[in-house]
Protein chains: 2
Amino acid sequence: MPNTSPQHIVRSYDDDLKRLLEMISRMGGLAERQVADSAQALMRRDTELAADVVQRDAALDEMEREVEAFCVRLLALRQPMAQDLRLIIACMKISQDLERIGDYARNGAKRAIVVSQQPSLGSFNGFARMAEMVQENLKDAIDALVEGDAAKADAVWAADAPIDGIYNGIFREMLTFMMEDPRNITSATHLLFIAKNMERIGDHATNIAERVHFAVLGKMLTEERPKADVSASAVVRPPGE
Amino acid sequence: MPNTSPQHIVRSYDDDLKRLLEMISRMGGLAERQVADSAQALMRRDTELAADVVQRDAALDEMEREVEAFCVRLLALRQPMAQDLRLIIACMKISQDLERIGDYARNGAKRAIVVSQQPSLGSFNGFARMAEMVQENLKDAIDALVEGDAAKADAVWAADAPIDGIYNGIFREMLTFMMEDPRNITSATHLLFIAKNMERIGDHATNIAERVHFAVLGKMLTEERPKADVSASAVVRPPGE
């Protein structure tokens with residue numbers, strides 16, 4: 001006979017919030033995996049893994065919709081106030097960031113397929129480091145949310161600048177490859193976009209950290225974030241010019 | 001003596017929703033202007049206008065925070081249900097899209113400054129058309145929200161494919177410029193990113209349209225959107241190869 005005692009029928013409000021955090025945690029886990037696999041596909045020239053990443057992206061879109069639907073129900077039925085309300089809104093916005101991170105990982109995976117069919121260009125060391133740092137920031141930002149740990153969120157926020165630094169190095173390296181030999185141009189262009197995608201994933205991890213800070217403390221991280229991506233202003237000259 | 005009759009003190013719930021739509025409308029207007037000015041700065045080699053765009057971006061960040069704070073108050077004080085709740089949530093998510101659109105416009109403006117200091121590369125016709133179409137979609141998406149017009153939102157959703165088509169053409173054109181002469185590489189790379197930024201602004205306009213559709217009708221636009229950006233898989237060969 002099914003257990004129909006009231007405590008099993010009526011889920012508590014705390015359980016609802018816990019479930020919401022679990023949903024975001026699961027979504028964050030998938031986003032991290034997409035970022036990791038997209039980078040692995042590039043580095044191992046693994047076109048099957050890249051195709052898997054492209055395929056799996058739809059799951060993140062679906063999860064964003066599930067988070068929204070769950071939050072709408074929570075808002076309508078529980079009418080939360082103050083900190084809980086901030087938390088629910090942060091979760092909805094974070095799911096939007098995670099969905100976008102998935103888009104960047106998918107785009108990177110598509111490009112990894114093209115790059116794998118072109119001649120090699122240098123090492124992937126910079127890409128590997130960027131991917132690791134971005135994944136770590138993303139994981140820490142989601143952990144900060146689940147643990148309600150504003151200090152951890154602030155650490156993510158401060159850790160974005162080195163990622164921008166690596167990106168700037170890759171930008172210059174790729175332009176140099178292009179200038180050395182026009183046959184490098186297709187590959188170097190896709191690699192540039194892959195690096196830019198990772199840099200933007202890092203920005204979204206930072207956005208998530210800002211939202212966690214606000215959800216936990218009720219105050220914005222107002223200070224201007226240390227931003228070190230100067231590549232939008234970069235000029236690289238052909239060798240010998 | 002100030003007018004203190006109750007109808008002037010207690011703003012009605014409808015007034016609140018109207019004010020929220022006005023906030024989004026104003027934010028959308030600024031985002032459109034940023035996109036337009038970023039494109040104009042490129043086309044006219046106007047570095048002052050580009051610097052204005054970079055400067056003005058902080059206002060969009062601030063507006064996103066204002067929208068969120070207003071929505072939080074609305075949710076806490078009015079405890080809206082069903083369609084109103086969907087509308088408020090859509091507005092919060094749309095403000096996040098508009099903030100991101102601003103980031104792309106700012107990044108494009110920074111790159112326009114670099115491009116203006118480099119030798120000319122072909123015409124800006126493709127960029128001009130892309131910018132116009134993206135602005136129009138953005139404007140229509142916001143109008144659809146304010147007017148509660150799902151059909152208008154659906155039209156925006158369907159109008160993204162031609163933008164992707166122009167982007168694909170620019171991608172190939174820029175790679176060809178790079179292959180013809182290494183001195184074109186810096187400029188062509190920044191132009192590639194500018195075009196990609198516009199394409200992504202177009203994607204965000206489509207996201208906004210999807211959110212409007214859902215807010216108005218309570219149903220997702222589930223059909224897969226016609227997506228015509230194939231540049232992530234593009235291979236361009238050097239001339240004569």
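Of all residues in segment B:32-53, exactly one satisfies the criterion of being open to solvent by 50 Å² or more (accessible area, probe 1.4 Å) and within 15 Å of the chain's Cα centre (by Cα), namely B:R33. Kindly indicate whether any position in segment B:102-109 is closer than 16 Å to B:I24 by Cα, away from chain A (no Cβ under 11 Å) and at pLDDT 95 or above. Yes, the conditions are met somewhere in segment B:102-109. Listed by position, the helices (runs of 4 or more DSSP H) enclosed by segment A:125-218 that each have at least 1 residues that are within 14 Å of chain B (Cβ to nearest Cβ), over 29 Å from B:E173 (Cβ atoms) and among the aromatic types (F, W, Y) are A:185-217. Only one of the numbered conditions (1) within 30 Å of A:M179 (Cβ to Cβ); (2) in contact (Cβ under 8 Å) with a residue 12 or more places away in the chain; (3) crowded, with 16+ Cβ neighbours inside 10 Å is violated by B:A128, and that is (3).
Going by the conditions given, is B:I113 in contact with a Gly (Cβ under 6 Å, 6 or more places away or on another chain), open to solvent by 10 Å² or more (accessible area, probe 1.4 Å) and in contact (Cβ under 8 Å) with a residue 12 or more places away in the chain? For B:I113, the condition - in contact with a Gly (Cβ under 6 Å, 6 or more places away or on another chain), open to solvent by 10 Å² or more (accessible area, probe 1.4 Å) and in contact (Cβ under 8 Å) with a residue 12 or more places away in the chain - is not met. Just so you know, in segment B:62-83 the residues that are open to solvent by less than 50 Å² (accessible area, probe 1.4 Å) and more than 10 Å from chain A (Cβ to nearest Cβ) include one that is modelled with the lowest pLDDT, and it is B:L74.
So, B:D97, is that one closer than 18 Å to B:A215 by Cα, at pLDDT 95 or above and among the acidic types (D, E) or not? Yes, satisfied.
Answer yes or no: is there a residue in segment B:198-207 that is at pLDDT 90 or above and among the small types (G, A, S). Yes: one or more hits. Output yes when any residue across segment A:84-106 is closer than 30 Å to B:A76 by Cβ, open to solvent by 10 Å² or more (accessible area, probe 1.4 Å) and either among the basic types (K, R) or outside any helix (DSSP H, G or I) (or both), and no when none is. The answer is yes, given that some residue of segment A:84-106 is closer than 30 Å to B:A76 by Cβ, open to solvent by 10 Å² or more (accessible area, probe 1.4 Å) and either among the basic types (K, R) or outside any helix (DSSP H, G or I) (or both).
The values are calculated or read from the model by the stated rules, or taken from the named source; none is laboratory data. As the structure is a computational prediction, the values presented were derived from the model and not from experiment. Heads up, the Cβs are rebuilt from the backbone with ideal geometry, glycines too, and the neighbour counts pull from every protein chain shown. Note: areas computed on protein heavy atoms with side chains; ligands, DNA, RNA excluded. Shrake-Rupley method; radii C 1.70, N 1.55, O 1.52, S 1.80 Å.
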